[in-house]
Amino acid sequence: MRKALAAIPVYHRAVLELFIAGMLWGISFTFVKWALVDFSPTTLVFWRFAFAIVLAEVMFFIFDREGFKKSHRDYKIGLFAGIGLGSSLIFQTIGLQTTTATNSSFITSLYVVLIPFANYFFLKTKVHWYHFALSFVAFLGMGLLLDLPNNGLKLQSGDLFTILVAVTSTFHIIAVGIGSKRMQSGFRFNTSQTFWAWIFLIPFLAYDMSAKDIPFFPPITSYMSVFSVIGLAILVTLGAFYLQVRAQRVLSTTTASMLCLLEAPYSFLFASALLNEKLTPIQLAGAILILGISALTIYVERPKNTDS
């Protein structure tokens with residue numbers, strides 16, 4: 001298996017990693033819906049992160065003790081990525097209380113429009129004209145997926161919270177892109193951003209517990225909610241975000257953001273199968289448009305030497 005992966009060119013391997021990450025992010029929206037049966041947004045994210053951090057550190061210590069000793073600096077490097085990750089998941093989880101998994105994933109994908117502008121205006125990085133063009137078309141695809149031609153801008157409160165996710169996700173993707181160039185270990189960097197996201201969450205959890213009388217240990221009525229928290233911790237927090245960190249060591253921030261769009265179509269597929277959410281023909285056209293733009297981005301951004 002390792003030999004087969006090693007034979008794949010670095011760029012193509014990074015693309016494959018984000019394809020897999022997109023699939024894992026896609027099912028995360030369904031997991032969150034199931035977990036919210038018993039957990040509040042803050043307790044859900046708290047226990048998800050806590051379990052992921054402990055599991056990651058134990059695994060790293062057991063399987064790579066040398067890397068464990070040398071990569072403590074990654075905790076400092078992952079600070080800003082963790083703030084972006086924590087704020088994104090808090091807003092996203094709150095939003096999923098009153099919006100669909102499909103809407104949440106596609107509104108979140110607004111970050112693809114924001115990233116080229118953020119790169120240009122704040123990081124002074126070179127952005128080609130086609131990045132803006134591709135982002136604009138992807139934004140149109142998102143509008144179709146929200147069925148704006150028929151629904152207009154009738155947004156739920158959950159949709160408004162999810163718009164904030166697009167902003168914080170922009171910050172997170174850029175922070176990962178910067179940190180991935182300086183980190184010692186991709187696995188430890190992912191653990192570090194999870195740790196800082198967990199720390200960032202604690203004041204929100206404390207407020208909910210005092211002001212809303214939300215229990216620290218929620219009463220469990222559904223084993224599916226517990227299964228979902230564990231799935232979010234292992235498959236998404238440890239798996240998908242680690243693959244994103246690895247991929248962004250190779251791909252530009254703009255290219256990575258375009259490929260991250262794949263989480264939205266994946267989200268619909270899982271939500272359709274498991275939550276009985278449906279797409280209209282207009283929404284389906286938007287999904288196809290986003291998939292097409294993602295494929296086109298891979299083509300135009302590919303390195304001239306595909307063996308590297």
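Some notes on this structure:
- Of A197, A35, A206, the residue with the greatest mean-square motion in the GNM of the chain, using alpha carbon springs below 10 Å, is A206.
- Anisotropy class assigned to the range 61-132 is oblate, per the alpha carbon gyration tensor with a/c at or over the 1.5 cut-off and a/b no larger than b/c.
- Residues S71, S28, S210 arranged by fewest to most Cβ contacts within 10 Å: S210, S71, S28
- The chain: relative contact order as a whole-number percent, Cα under 8 Å and 6+ apart: 41
- Sequence of K33, K278 once ranked by neighbouring C-beta atoms within 10 Å, starting from the fewest: K278, K33
- The chain: most fluctuating residue of L44, L140, L262 per GNM, C-alpha cutoff 10 Å: L140
- Whole-Hz ³J(HN,Hα) from phi, Karplus 6.51 cos²θ - 1.76 cosθ + 1.60, for the range 117-130, glycine and proline x: 5, 5, 4, 6, 7, 9, 9, 6, 7, 6, 10, 7, 4, 6
- Contour excess over end-to-end distance, with Cα ends at V226 and A295 and 0.36 nm allotted per residue: 21.3 nm
- Residue order, fewest to most surrounding Cβ atoms within 10 angstrom, among E57, E17: E57, E17
- The chain: C-alpha gyration tensor shape, a/c 1.5 cut-off, then a/b vs b/c: oblate
- Note on the chain: lysine pairs with Cα distance below 23 Å, sequence gap of 8 or more or different chains, count 11.
- Residue-wise HN-Hα coupling along the range 217-231, computed from phi with Karplus coefficients 6.51, -1.76, 1.60 (Hz; x: Gly, Pro): 9, x, x, 8, 10, 9, 5, 5, 5, 5, 4, 5, 5, 5, x
- The range 179-308: C-alpha gyration tensor shape, a/c 1.5 cut-off, then a/b vs b/c: oblate
- Computed from phi, the 3J(HN,Hα) profile of the range 271-282 under the Karplus parametrisation 6.51, -1.76, 1.60 (θ = phi - 60°) reads 5, 5, 6, 10, 10, 6, 7, 10, 10, 7, x, 5 Hz, with x in place of Gly and Pro.
- Max mean-square fluctuation residue, GNM over the chain, Cα-Cα springs under 10 Å, options Y242, Y207, Y75: Y207
Readers should treat all values here as calculations from the given coordinates under stated rules, not as data from a laboratory. The structure displayed is predicted, hence computed values, not measured ones. Counting neighbours? That spans all protein chains shown, and the Cβs are built from the backbone with ideal geometry, glycine included.
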